[in-house]
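Report on the structure given below.
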Amino acid sequence: MTAPLLQLDELRLHFDIGGGLFARRHRIQAVDGVSFSLEAGEAFGLVGESGCGKSSLAKAILHLHRPSGGKVAFDGTDLGALGPEQWRPLRRRIQYVFQDPLAALDPRMTVVDQVAEALAIHGIGDRAAQQARAFSQLELVGLSHEQGRKYPHALSGGQRQRAVLARALVLEPDLLICDEPLSALDVSIQAQVVNLLVELRERLKVTLLFISHDLSLVRHLCSRVAVMYSSRIVELGHADALFDRPRHPYTRALVAAIPVPEPREREPELIASGEPPSLLNPPPGCRFHTRCPAATAQCRAEAPPLIPLADGRLAACHLER
Ligand code: SF4
């Protein structure tokens, strides 16, 4: 059996904030004991409401924020044990696409120069080869030579996100982490970019970690999905099973909130009311108990472990054993 491409073991990212002479320090538990793995070539979705820790998890994987505990292994290498020089080749193999394409691009450089620059940073080819490869990568994501010669502000939001994808994919990464890559785009443009992602993933065989609050997009793109709530994974399984028969009450609430043609058909008690808890002071026991219609005394006192159910998925709920 081959090792997974990416393996997270009990990953934690806690930040201390505040402090000073008289102020108390507070600890934010942005990621709290997250474990899962990605096989090479798969498309894995991470879903949850905004503020649940999804983006912090992506940054902890990349060590843009150094994890407070646990381990990230990429292709068998413990990323926590690497020095800056050892990170360099891995930065090419793991690419990250941010939420806001305008912020991700340099306003002072043309798009094609930014794609070529990614190759130059990693010492791939001479200048002429870098430019040629940058133009062909832009073509692959649907941008013409003329669009490639423009500055980011002269492109539409969808075109900019295509440019960001071209810059990531020109390095032929093994793993592409997309963090809410469509949330800054109009719905009609989202569909185009998501279809492009499906096509590119199949063609380039890149492994995808797709982070989103939008379950419909994740279902369209991903074969396995993890659901995150208040910095922890609460359910993980194959996309079809998870969306057709969600087992954790929070997943049920998320699935019930996916827009449907006839909203009156929805079971209202499945829609989670209230706000997610603060990561500064999460509730004891099951963190979903403050919103869960099925919560019991045990839920308020004891955190349920993430355990395998009979159908092979994982869930963290005292009622699902
Ligand atoms: Fe709800 Fe209890 Fe399950 Fe948490 S453990 S999801 S509160 S039933």
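The values are calculated or read from the model by the stated rules, or taken from the named source; none is laboratory data. This structure is a prediction, so every number in the text was calculated from the model and none was measured. Quick reminder, even Gly has a Cβ in these numbers, built from the backbone with ideal geometry, and neighbours come from all protein chains shown. Areas reflect the complete protein model, heavy atoms only, side chains present, ligands, DNA and RNA absent. Shrake-Rupley method; radii C 1.70, N 1.55, O 1.52, S 1.80 Å.
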Cα-based equivalent ellipsoid of region 76-231: semi-axis lengths in Å, sorted from largest, via gyration tensor:
24, 22, 14
Share of pairwise Cα separations in region 58-104, more than 18 Å, in percent:
31
Which percent of the accessible area of the chain is formed by carbon and sulfur heavy atoms (probe 1.4 angstrom)?
52
Under a 1.4 angstrom probe, counting protein chains only, how are THR207, THR2, THR296 ranked by accessible area, largest first?
THR2, THR296, THR207
Over the chain, what is the relative contact order in whole percent, taking alpha-carbon pairs under 8 Å and six or more residues apart?
19
Of all lysine pairs in the chain that are eight or more residues apart or on different chains, those with Cα atoms under 29 Å apart total 5
Given a 1.4 angstrom probe, what's the average accessible area per residue across the chain, in square angstrom?
48
Among 252-258, 166-172, how do they line up from the highest to the lowest mean number of other beta-carbon atoms within 10 Å?
166-172, 252-258
Output the 0 to 90 degree angle, nearest 10, between the alpha-carbon long axis of helix 127-140 and the longest principal axis computed from the alpha carbons of the chain.
50
Say we join alpha carbon atoms closer than 10 Å with springs in a Gaussian network model of the chain; which of GLY48, GLY285, GLY157 then has the biggest fluctuation?
GLY285
May I ask you to list the residues of region 63-97 whose amide nitrogen lies under 20 Å from a point 7 Å from Cα along the Cα→beta-carbon direction of SER35?
67-81
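Run the helix sum for the chain: -39,500 (n - 2.57) per DSSP H stretch of 4+ residues, divided by residue count, reported at 222 nm to the nearest 500 deg cm²/dmol.
After summing the helix terms and dividing by residue count, I get -9500 deg cm²/dmol.
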Measure nothing but the geometry: give the 0 to 90° angle between the long axis through the Cα atoms of 111-121 and the longest principal axis through the Cα atoms of the chain, rounded to 10°.
90
About the Cα centre of region 169-260, how large is the charge dipole given +1 on each Lys and Arg Cβ and -1 on each Asp and Glu Cβ? Please answer in debye to the nearest 20.
380
Test of understanding: what is the full-extension gain from SER144 to ALA128, defined as 0.36 nm times their sequence separation minus their Cα-Cα distance?
4.0 nm
LYS205: accessible area at probe 1.4 Å, nearest 10 Å²?
150
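Where the only charges are on Cβ atoms (+1 Lys, Arg; -1 Asp, Glu), what is the dipole of the chain about its Cα centre, to the nearest 20 debye?
Dipole size: approximately 600 debye.
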For SER216, SER230, give me the order by solvent-accessible area with a 1.4 Å probe, most accessible first, ignoring ligands, DNA and RNA.
SER216, SER230
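Out of all DSSP beta bridges in the chain, what portion is antiparallel? Express it as a percent rounded to 5. Could the numbers behind the result be given before it?
Details: 28 of 46 bridges.
Looking only at bridges with both residues in the chain, the antiparallel portion is about 60 percent.
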Name the most mobile residue of ALA81, ALA30, ALA303, meaning the one with the largest mean-square fluctuation, in a Gaussian network model of the chain with Cα contacts below 10 Å.
ALA81
Relative to the compact-globule scaling 2.2 N^0.38 Å, provide the ratio for the alpha-carbon radius of gyration of the chain.
1.06
Rounded to the angstrom and largest first, Cα extents along the principal axes for region 28-96 equal 35, 29, 18
Most fluctuating residue given options ARG219, ARG88, ARG232, as computed from a GNM of the chain linking Cα atoms under 10 Å
ARG88
Provide the gained length on full extension for the span ASP244 to ARG27, in nm with one decimal, where the gain is 0.36 nm per separating residue minus the Cα-Cα distance.
74.4 nm
Within the set of other residues whose C-beta is less than 11 Å from the C-beta of LEU140, count the net charge using Lys and Arg as +1 and Asp and Glu as -1.
+1
With a cut-off of at most 13 other beta carbons within 10 Å, and DSSP calling the residue loop, which trypsin sites (Lys or Arg not before Pro) in region 83-127 qualify? Please list them.
ARG108
